[in-house]
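Read-outs: derived from the displayed coordinates by stated rules, not from any lab. Keep in mind the model is a prediction, meaning the values are calculated, not measured. With ideal geometry, Cβ positions are generated from the backbone for all residues, glycine too; neighbour counts draw on all protein chains shown.
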Amino acid sequence: MFRAISRVIFTSAALAVLAACQPAPDPLVGSPSAALNVAAAQMKSAGTLPEQINLQRVNAGLPLLTRDSRLTAAAEAHALDMATMGTLTHIGSTGYTVGTRVRLQGYCYNVVSENIASGWKTVALVVRGWMDSPGHRANILNSQVSEYGVGRAGDYWVMIYGDPRPGDCSLF
């Protein structure tokens, strides 16, 4: 009989411990505020550079930037150029600046700017570095830009921001 009572006590104690390990019900699950909290948390943990830059813009009350393939081509080419040269520079091996590089891709603009970085291994470090730099921060939070392009080659990062304008943007 002692064994039977011991088993009942042990079983009851084990069930109580297991019940304590279960998470408490969340009263906000399914509510609109819970959905917004989940969406905000997902944006904060997003891994891509454009997502993180757009998060900075949203936090500042600015509209999201959209990707432009011509800006992306210019950014990718410049990142590869810097990696090949082993130098962090806004002037490429051809002597061209960002304005010329994007026009060569067929992108006409009212405003164009460029952020570059080297040596940072993660998106979070790049974004923190740029947001801590007044000039880079100004590029990110410029209300006059609406599009972006991103390029990365190794530890060389490039993000170009632009506001397109229609028309001929030929150089020569």
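Would you please name the trypsin sites (Lys or Arg not before Pro) within region 74-172 that are DSSP coil residues with at most 11 other C-beta atoms within 10 Å of their C-beta?
On the way: sites: Arg101, Arg103, Lys121, Arg128, Arg137, Arg152; in loops: Lys121.
Answer in residue order: Lys121.
Kirkwood Rh, Cα Rg: Rg to Rh for region 39-123? Looking at region 39-123, the ratio lands at 1.01.
For Asn110, put the label point 7 Å out on the Cα→Cβ axis and report which residues of region 131-172 keep their amide N under 20 Å from it. Inside the label zone: 138-149, 160-170. Once divided by 2.2 N^0.38 Å, the Cα radius of gyration of region 75-164 becomes 1.02.
Taking 7 Å steps out from each Cα toward its Cβ at Arg137 and Asn59 produces label points 1.1 nm apart. Please find the FRET efficiency linking Ile91 to Asp155, where r is the Cβ-Cβ separation and R0 is fixed at 22 Å, and quote it to the nearest 0.05. Given R0 = 22 Å and the Cβ-Cβ separation, E is 0.70. Scanning residues 5 or more positions from Glu114 or on other chains, those with amide H under 5 Å from its amide H are Tyr161, with H placed 1.01 Å from N in the peptide plane.
Placing +1 on each Lys and Arg Cβ and -1 on each Asp and Glu Cβ, with no other charges, gives region 70-156 a dipole about its Cα centre of roughly 60 debye.
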